[in-house]
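> Below: one structure in structure tokens.
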Amino acid sequence: MEWDEKSIKLFLDDQLLNEIDLARTINPDGFNPFRHPHYLLLNLAIGGNGGDPSKTAFPREYVVDYVRVYQKK
């Protein structure tokens, strides 16, 4: 993901998948949520979208090797 003051671009294996112009992300009340601090949340969602997790074999494993965040200076 490349996020700057003008746009957010999502990549997979260096291929651009999606891009949004941040000038177009203003809510009806004039608030732009992408111009404020954010955080990362890593989540192992089980039973998402109303799914039934009762048949899920536990324990499940959610392994993250690393998370990197870079900021241009």
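Bear in mind these aren't lab numbers, they're just calculated from the coordinates by the rules spelled out. If you're wondering where the values come from, they're calculated on a predicted model, not measured in any experiment. Note that each Cβ is placed from the backbone with ideal geometry, even for glycine, and that neighbours are counted across all protein chains shown.
> Suppose every Lys and Arg Cβ carries +1 and every Asp and Glu Cβ carries -1, with no other charges. What dipole size does region 2-55 come out with about its Cα centre, to the nearest 20 debye?
Its charge dipole is roughly 220 debye.
> State the label only: which of (1) 56, 38, 28; (2) 63, 36, 27; (3) 45, 32, 23 corresponds to Cα extents along the principal axes in Å computed from the shown model?
Calculated Cα extents along the principal axes in Å: the matching label is (3).
> On to the next question. Determine, from the Cβ-Cβ distance of LEU42 and LEU12 and an R0 of 25 Å, the FRET efficiency 1/(1 + (r/R0)^6), rounded to the nearest 0.05.
0.90
> Can you tell me which aspartates and glutamates have their Cα less than 18 Å from the Cα of LYS6? Leave out same-chain residues fewer than eight positions away.
Here the aspartates and glutamates satisfying the reach criterion relative to LYS6 are GLU19, ASP21.
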